[in-house]
Every structure is written in structure tokens, then in C-alpha cells.
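What follows is a short report on a single structure.
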Amino acid sequence: MDERPARLEYTRTTLEEAPTTRTLEYDADLTSAQQMIEDRLAAHSGTDRLALEATSDPSAADGLWSERSSSVDEERESEATNGRISAIVDTDSLSSRSFVYKPRGPHGAMTIIIGLLAAFPTIFISLLLSGFGYFVYRAEEEGEIPLRCWEMVDVLVTDGESNPAEPATDAVPSSNVQATAAAEPFVGVDTDRLIDLPWAHRKAIVMRVEQWAKQATQDVSAPRHDEDVFFDYLKMWTNRSAESDRETVDSLQAEVARDPAARRIYTERVLDGPVDGSTEVDRAELLASLEDE
């Protein structure tokens with residue numbers, strides 16, 4: 001993954017597509033409103049590898065990251081200052097989901113290559129070895145992917161003032177800060193349990209995560225076919241480190257976590273369907289706690 005800082009670039013429309021949303025009004029300036037929201041979310045958030053990988057502000061609370069930017073408000077035909085805040089307010093392990101993989105894929109791929117290299121002394125040994133390697137490579141079995149669910153909250157805070165160039169001298173300072181908040185689950189691979197799996201099993205999951213993340217962030221919908229992954233299985237021999245696999249998955253999922261729309265696509269790929277309702281927390285109550293008092 002690249003080393004660029006995390007960016008929160010979602011829009012109001014993106015948040016309104018979440019299953020639980022709320023529009024909030026604040027009688028304060030944008031800086032104060034954003035700090036109020038951050039403080040309340042920080043009280044819910046907790047340390048997690050996903051958040052630590054994606055944090056854009058080193059001084060922010062664990063599990064929370066926040067940014068400020070300017071944009072053009074087309075409805076008001078003026079420049080608006082936006083604050084974006086994302087937080088992990090809860091995380092919990094889920095039961096695993098099954099998937100089909102090649103438990104001896106790396107071994108079969110390597111045997112095929114060795115068989116091809118053995119063609120020079122004798123074609124018979126080459127064909128025998130390559131055939132055996134192909135048989136081993138094609139063997140499949142059902143494995144488990146350990147899952148984890150993160151409860152995410154995203155807030156877009158907008159300074160709705162038109163900011164006239166020449167305000168009246170006797171005008172009373174006012175603010176019209178509005179926030180759109182959304183709460184929804186994000187399901188991904190549990191890397192704490194991933195590192196305990198056999199290396200071929202673990203590598204097959206990493207390969208799936210790389211594809212899911214690419215589909216979510218780059219809008220790539222075409223699935224990979226068997227002929228596309230042969231060399232991926234072969235390359236598994238070059239790095240069998242469990243910690244390296246953990247870092248790869250953490251980095252990919254942290255990248256996905258920056259964008260609510262990407263999170264939804266990734267979650268659907270991971271679960272091969274919608275989120276189970278049993279994983280829900282009281283999201284409406286959580287968003288209500290962000291209201292201005």
C-alpha cells in the first residue's frame with residue numbers, strides 16, 4: 001500500500017445511503033462543533049489495529065480520525081468549510097465464513113515448475129512430475145475465514161454560512177453548522193486469528209483480501225480465474241511470514257475503512273451477502289448522543 005496520509009473524502013450523499021443516519025444542528029462555530037463531536041465519539045472509541053493503521057492525526061484519540069477541508073456548496077453557490085470525522089465505536093469477533101481454496105496450491109505450483117525444468121534430462125520424468133504437481137495444485141477443500149465487525153460512525157460537519165464579503169457592522173455573530181452522521185458495520189478479516197492459520201490457508205485469505213480491497217476501492221468487478229492465480233500460489237514461497245500477512249491485511253482494510261462506500265462493497269464481498277442483523281448495536285441512540293445540548 002502507499003504511504004500517503006489517510007484522507008476522508010466522503011460526501012453527504014454517501015452518508016445518507018447508510019442504514020442509520022441523522023441530521024444534526026449546532027449552535028456553535030464549526031471548530032467548536034467538530035471538537036464536540038470528536039470528544040463524544042472519543043468516549044466511545046477504543047484502540048484497534050484498523051484505526052491505528054489509518055489515523056491521519058497522530059494526536060487524535062485511538063479509534064478516531066478527523067480532517068478539515070473546503071469545498072464549493074452548489075446549493076448556496078458559496079464556499080463551505082467541511083469537517084470529516086470517522087470513528088470506530090465498537091469491535092467484536094464474528095464467526096468464520098467458509099471459502100474454497102487450494103491447501104496444497106503452492107506445493108503443486110512448485111512441483112509443476114520443477115517438472116518443466118526436468119524436461120531436459122528426460123521428458124518422461126518431466127511429464128510425470130508436472131502431472132503430479134497439477135493434480136496436487138487442483139485439489140481444493142473448504143476452509144474458514146476468521147471475521148471481525150467494526151461499528152463505524154462517520155460525520156460530515158458543514159459550515160453553512162455564506163460568508164458574505166462585507167458583513168454589516170452591527171450584525172450579530174451567528175452560526176449555521178449542520179452535520180450529517182451515519183452509523184454502520186464494517187466487516188473484514190480478523191488478523192488476530194489469521195496469523196494462527198497454516199501458511200497456505202493464510203496466504204489464500206490474503207489473496208482474497210487483496211482482490212476484495214481492489215474491487216472496493218478501484219471499482220473492479222471482474223473475478224479472478226484459476227489461471228490468474230497460479231503464479232500467486234507460486235509466489236507464496238517467497239514470503240511465508242505470518243506477521244507480514246497480518247500487516248498486509250491490516251493495511252488494505254485500513255485503506256478501505258476511509259471510505260464508507262468502499263466499506264459497504266468490501267463488507268458484501270467478505271460476507272458474500274448483507275450484514276447479519278444480529279451484529280447490530282443501537283446505532284440510532286449512538287447518533288442521538290452527538291446532538292447539541
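The table below gives the values:
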| read-out | value |
| --- | --- |
| Length released on extending from residue 272 to residue 210, taking residue separation times 0.36 nm less the Cα-Cα span | 20.8 nm |
| Inter-site label distance for residue 231 and residue 192 at 7 Å from Cα along Cβ, in nm | 3.8 nm |
| Karplus-derived HN-Hα couplings along the stretch 24-37 (A = 6.51, B = -1.76, C = 1.60, θ = phi - 60°), whole Hz, x at Gly and Pro | 10, 10, 10, 8, 7, 6, 4, 4, 5, 5, 5, 5, 4, 5 |
| Stretch gain in nm, segment residue 242-residue 69, where the contour uses 0.36 nm per residue and the Cα spacing is subtracted | 58.4 nm |
| Sites residue 199 and residue 132 - FRET efficiency at Förster radius 22 Å, r taken between beta-carbons, to 0.05 | 0.55 |
| Nitroxide proxy distance, nm - points 7 Å out along Cα→Cβ at residue 288 and residue 140 | 4.8 nm |
| Computed lengthening from residue 62 to residue 93, 0.36 nm per intervening residue step minus Cα-Cα distance | 9.3 nm |
| Ranking by accessible area, most exposed first, for 44, 201 with a 1.4 Å probe | 44, 201 |
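The values are calculated or read from the model by the stated rules, or taken from the named source; none is laboratory data. Here the structure is a predicted model, which is why all the values come from computation and not from measurement. When we count neighbours, we look across all protein chains shown, and the Cβ atoms used for this are built from the backbone with ideal geometry, even at glycine. Calculation scope for accessible area: heavy atoms of the full protein, side chains included, ligands and nucleic acids excluded. Shrake-Rupley method; radii C 1.70, N 1.55, O 1.52, S 1.80 Å.
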